[in-house]
Amino acid sequence: MGILGLGYMGLATAAAFARHGVTTVGYDVLPDRRAAVRAGMSPFHEDGLEELLQTEVRSGRLTVAETMADVAERAAVIFLCLPTPPRDDGEIDLRPIEGGAAELGRALARVDGFRVVVVKSTVVPGTTETVVGPALLGASGKTGDQIAVASNPEFLAEGRMVEDALHPDRIVVGVSHPRAAELLRSLYAVFDSPLIVVTPAGAEMTKYASNSFLALKISFANELARFAEQVGVNVDDVVRGVGSDPRIGHRFLQAGPGFGGSCFSKDVQAFARAARDRGVRLSLVEQIMTVNDAQTRHAGDLIAGQLPEGKGTVALLGLAFKEGTDDLRESRALPIVERLAGAGIEVRAHDPVSSGKFATWLQGRPVDIRDRVRICAAAEETVTGADVAALQVPWPEYLSWPSAWTRAMRHPVLVDLRRAFSEDRAAAEHLRLVRLGDGRPGVGTVPPASSGSARQGAPDAGVPRPALRAARSEGTG
Ligand SMILES: NC(=O)c1ccc[n+]([C@@H]2O[C@H](COP(=O)([O-])OP(=O)(O)OC[C@H]3O[C@@H](n4cnc5c(N)ncnc54)[C@H](O)[C@@H]3O)[C@@H](O)[C@H]2O)c1
């Protein structure tokens with residue numbers, strides 16, 4: 001089989017197929033990316049991916065072609081793992097996938113034999129059959145009996161891509177051509193996962209619906225957290241009980257600084273927009289981004305609110321959108337940095353794997369933001385002299401929190417946006433812990449007379465919990 005586009009999703013998919021014994025050939029338009037993968041190196045950081053690539057490249061099951069035509073020649077089933085970026089108006093930009101399909105069509109014009117072209121990128125319902133299919137057939141001059149299209153959305157999540165790609169909890173295939181359906185069934189037989197076969201538009205919609213629901217679940221937990229803070233409740237005391245209902249479940253019912261990543265915000269907006277264009281209001285979905293933006297503003301306020309007079313130095317720990325990845329796309333660290341630096345606060349920023357990407361992002365900011373942000377090579381340097389440390393990503397090295405870090409801070413205050421530290425742990429490290437979603441001391445269940453922008457957060461009322469929680473920020477696929 002073939003994979004076009006060796007980005008986050010395409011590369012994990014290619015490596016997983018190879019690991020399951022399928023001869024896989026990949027191609028990316030970027031020469032550097034082709035060279036890296038051919039050498040068994042991952043062009044980006046994703047936990048466990050490079051090790052998997054090295055094994056599969058060495059085994060010969062995963063190869064990289066120098067041209068798209070080579071993939072068209074060698075693979076009977078070709079997956080399009082091309083970008084579907086958002087446009088300013090919330091719609092997705094189908095040009096990369098339409099252009100890629102046309103390019104593949106021109107290559108397939110010179111190839112004999114039946115081919116199935118599978119859209120794995122996330123696209124609005126109808127795209128596979130009304131955009132990709134016509135582009136392929138138009139450019140190749142072939143018929144739908146020579147080139148069949150199918151949809152097979154991908155549900156893997158960054159930070160745990162390898163596990164997700166190797167063992168998907170379900171595989172959704174949208175296909176209307178019987179021979180294509182048969183080929184995809186036999187290709188996926190090597191995976192020990194349930195296969196759901198539906199129409200192409202049904203599969204496409206399943207992906208948007210899944211991501212919207214997950215984003216909704218996170219947003220619900222975030223709204224609970226904001227309310228909990230105002231009524232003296234610890235949000236975990238609520239979500240623990242709520243999530244224990246198997247109809248609801250714990251995963252993604254987790255308060256934090258708002259979701260990030262390349263998928264949720266783009267998919268939520270594209271889903272709402274696609275429905276609106278067809279005269280349907282998905283009002284719940286339409287609210288998700290508003291709630292998410294409010295949560296990120298709240299996280300920024302929580303950090304700034306710990307500084308004396310709102311001025312000083314913040315050590316921002318973690319820049320990626322979650323742990324296990326270097327992906328900075330839509331990371332909440334970015335608006336938080338803008339919020340803090342924009343208010344004249346000095347920011348020291350650190351991440352074990354995404355500092356380089358962050359530096360590139362920072363270069364594009366106005367000078368008054370840039371000048372207030374320093375990227376540090378080590379976490380200890382980041383916290384030294386800081387008035388507040390803010391945990392944005394629960395990387396293990398931050399959770400290990402050596403005592404020397406507390407001593408190095410000017411004021412030992414930790415704003416925990418991921419609720420990864422327990423009170424006991426913070427107390428042992430002599431940190432004043434301010435967790436997002438903890439009730440403010442002295443605030444009861446009586447509605448306050450006025451709702452000013454009071455200082456937020458402080459150690460909570462001592463609810464027992466594990467010394468260090470198995471923190472895992474939920475994010476996007
Ligand atoms: N990143 C995720 O976790 C994830 C999960 C599920 C679904 N998706 C979906 O998968 C799609 C790809 O996302 P991504 O994060 O992998 O994007 P990405 O930008 O990391 O990767 C896309 C790759 O396609 C390559 N490319 C672009 N045009 C090409 C062409 N004509 N021929 C060959 N290669 C080409 C790019 O160079 C890049 O390497 C999107 O639709 C996204 O919504 C992503």
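Here region 108-132 is the region considered, the condition is being touching a residue at least 12 places away in the same chain (Cβ under 8 Å), within 33 Å of the chain's Cα centre (by Cα) and surrounded by fewer than 21 Cβ atoms within 10 Å (Cβ to Cβ), and the residue that is nearest to the ligand (Cβ to nearest atom) is Val131.
Residue count for region 310-324 satisfying the condition of being over 19 Å from the mean Cα position of the chain (by Cα), buried (at least 23 other Cβ atoms within 10 Å of the Cβ) and not in a strand (DSSP E or B): 0.
Taken over region 17-27, the criterion of being under 15 Å from Asp70 (Cβ atoms) and either crowded, with 17+ Cβ neighbours inside 10 Å or near the ligand (Cβ under 9 Å from one of its atoms) (or both) is satisfied by Thr24, Val25, Gly26, Tyr27.
Among the numbered conditions (1) more than 23 Å from Phe155 (Cα to Cα); (2) away from the ligand (no atom under 11 Å from the Cβ); (3) not polar (S, T, N, Q), the only one that Leu49 does not meet is (1).
Tell me, yes or no, whether region 141-159 has at least one residue that is more than 25 Å from Ala16 (Cβ to Cβ) and buried (at least 20 other Cβ atoms within 10 Å of the Cβ). Checking region 141-159: not a single residue is more than 25 Å from Ala16 (Cβ to Cβ) and buried (at least 20 other Cβ atoms within 10 Å of the Cβ). Checked against the criterion of being in the same structural domain as Phe264 (by TED's automatic domain parsing), within 16 Å of the ligand (Cβ to nearest atom) and more than 22 Å from Phe421 (Cβ to Cβ), region 300-315 contains not a single residue that satisfies it. Taking the conditions (1) crowded, with 16+ Cβ neighbours inside 10 Å; (2) within 12 Å of the ligand (Cβ to nearest atom) in turn, Gly99 satisfies each one other than (1).
Checked against the criterion of being more than 21 Å from Gly261 (Cβ to Cβ), at pLDDT 95 or above and crowded, with 21+ Cβ neighbours inside 10 Å, the candidates Ala420, Ala386, Ala378, Ala404 yield just one match: Ala386. Can you confirm whether region 230-242 contains a residue that is surrounded by fewer than 22 Cβ atoms within 10 Å (Cβ to Cβ) and touching an Asp or Glu at 6+ places or on another chain (Cβ under 7 Å)? No, every residue in region 230-242 fails to be surrounded by fewer than 22 Cβ atoms within 10 Å (Cβ to Cβ) and touching an Asp or Glu at 6+ places or on another chain (Cβ under 7 Å). The residues of region 46-71 that are touching a residue at least 12 places away in the same chain (Cβ under 8 Å), small (Gly, Ala, Ser) and more than 13 Å from Asp28 (Cα to Cα), listed by number, are Gly48, Ser59.
Those helices (runs of 4 or more DSSP H) of region 82-172 in which 3 or more residues are within 25 Å of Arg278 (Cβ to Cβ) occupy 95-108, 133-140. Within region 68-92, the only residue that satisfies the criterion of being within 12 Å of the ligand (Cβ to nearest atom), at pLDDT below 95 and either touching a Leu at 6+ places or on another chain (Cβ under 9 Å) or over 19 Å from Ser151 (Cα atoms) (or both) is Pro86. The listed residues are Glu56, Glu66, and the only one of them that is among the charged types (D, E, K, R), touching a strand residue (DSSP E or B) at 6+ places or on another chain (Cβ under 9 Å) and not in a helix (DSSP H, G or I) turns out to be Glu66. Only one of the numbered conditions (1) more than 10 Å from the ligand (Cβ to nearest atom); (2) without any contact (Cβ under 8 Å) to a residue 60 or more places away in the chain is violated by Leu30, and that is (1). Does Ala14 fit the bill of being in a helix (DSSP H, G or I) and within 13 Å of the ligand (Cβ to nearest atom)? So Ala14 passes the test.
The values are calculated or read from the model by the stated rules, or taken from the named source; none is laboratory data. In this text the structure is predicted, and so the values were computed from the model without any measurement. Quick reminder, even Gly has a Cβ in these numbers, built from the backbone with ideal geometry, and neighbours come from all protein chains shown.
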